[in-house]
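**Student:** Questions regarding the structure given below will be posed in turn.
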Amino acid sequence: MQYSLRLKFGHHRYGLKVLALGFCLIAMTGCANMSPTGQRALSGGAIGAAGGAVLGAVVGGNPAVGAAVGGAAGAATGALMH
């Protein structure tokens, strides 16, 4: 069974644009009052996920698994750094 987000107004489909806009709004407002440790964990996780996805794709593995492992390792490292 396949589900898709399709919002149609007239002749235009806005599904992906609405999803991206919602993600951007959450990302901008969700990090406003974070502690420095939380900010380091978030940035470490983002950097780790990006690096893991690239490494997973380069070595011929699964980029999603690389992103998950890299994100977890980066978030842990970022949270532990002072």
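Every number here is computed from the coordinates shown, using simple stated rules; none is lab data. Quick caveat: nothing in here was measured; it's all calculated off a predicted structure. When we count neighbours, we look across all protein chains shown, and the Cβ atoms used for this are built from the backbone with ideal geometry, even at glycine.
**Student:** What span do the alpha-carbon atoms of region 28-82 cover on each of the three principal axes, reported in whole Å from largest to smallest?
**Tutor:** For region 28-82, the Cα spread along each principal axis is 39, 24, 11 Å.
**Student:** Please compute the modelled spin-label separation between residue 24 and residue 69, points set 7 Å along Cα→Cβ, answer in nm with one decimal.
**Tutor:** So the label points at residue 69 and residue 24 sit 3.4 nm apart.
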